[in-house]
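A.B. asks: A single structure is presented below for examination.
Each value in this text was obtained by applying a stated rule to the coordinates, not by laboratory testing. If you're wondering where the values come from, they're calculated on a predicted model, not measured in any experiment. We place every Cβ from the backbone using ideal geometry, glycine too, and count neighbours over all the protein chains shown.
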Amino acid sequence: MQLAEIGGLVHARRAEVGLSQQRLATLTGLSRATINQLERGTLKDLGVAKLMALAGLLGIDISARARQPKANGLLMAAVTSSVSLRLSLGQEVLARALGSGVIPPDYRAHIGALLSEAPLEILVKAVEEAAQREQVAPKKIWEHVYQWARELQVLRPAFDERNALTRLSRKQLDGIAEAEPEGRGEVIGTLLP
């Protein structure tokens, strides 16, 4: 659920319980301007603690869950990696490479493009699908991905293991791909320092 959608629920629920924006702001410790921006869908960010307190006060259930899986992560990753290249990388070749950790010689540029340019959500889904197809633990595939990023000198911040926040993001990605209970469907990219 996006913040703009939550804003619509807050607006409707606030009206149902007969609170003005100013009264709701006073009750939650937020400013009236923040409430107004949230309801209009123009608020860029509201911390989780503040959002949960606001939702709890109004009786709105905000739950985090994994999105319904789409079974096309490998296909999307293969297409994304092949956009500017003459030879196309097939999803079966990509799955085998992810599972084995060996980049086929003719596809080094494809893997470089994938790691440098593909949306991380596509990469996470491709890892998840490759793990199922190749019967390899997702964590092992992530090790391959990070090794490839080092070998190919990918300059994307997501693969900079010296950055503590990146290490945290990598653990989060591992958790999503492995669907461990502690993952609980966290959303990628919502980590704040």
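A.B. asks: Under 14 Å from the Cβ of LEU57, count the other residues' Cβ atoms, weight Lys and Arg +1, Asp and Glu -1, and hand me the total.
C.D. replies: Combined, the nearby Lys, Arg, Asp and Glu give +2.
A.B. asks: With the Cα gyration tensor of segment 3-58 in hand, give its eigenvalues times 5 under a square root as the equivalent ellipsoid semi-axes, listed largest first in whole angstrom.
C.D. replies: They are 14, 12, 11 Å, listed largest first.
A.B. asks: Can you give the Kirkwood hydrodynamic radius of segment 49-134 from its Cα pairs, in Å with one decimal?
C.D. replies: 14.6 Å
A.B. asks: Next question, about the same structure. Rank-order 145-153, 76-84 by packing density, defined as the average count of other C-beta atoms within 10 Å over each peptide's residues, highest first.
C.D. replies: Peptide ranking by packing, descending: 76-84, 145-153.
A.B. asks: While we're on this one: Within segment 1-100, list the trypsin sites (Lys or Arg not before Pro) lying in a DSSP loop whose Cβ has at most 16 other Cβ atoms in a 10 Å radius.
C.D. replies: Filter output for segment 1-100: LYS44, ARG65, ARG67, LYS70, ARG86.
A.B. asks: A further question on this structure: How big is the shadow of the Cα convex hull of segment 1-144, averaged over all directions, in nm²?
C.D. replies: Taking a quarter of the hull surface, the average projection is 10.9 nm².
A.B. asks: Just report the Cα centroid separation between segment 96-143 and segment 11-87, whole Å.
C.D. replies: 30 Å
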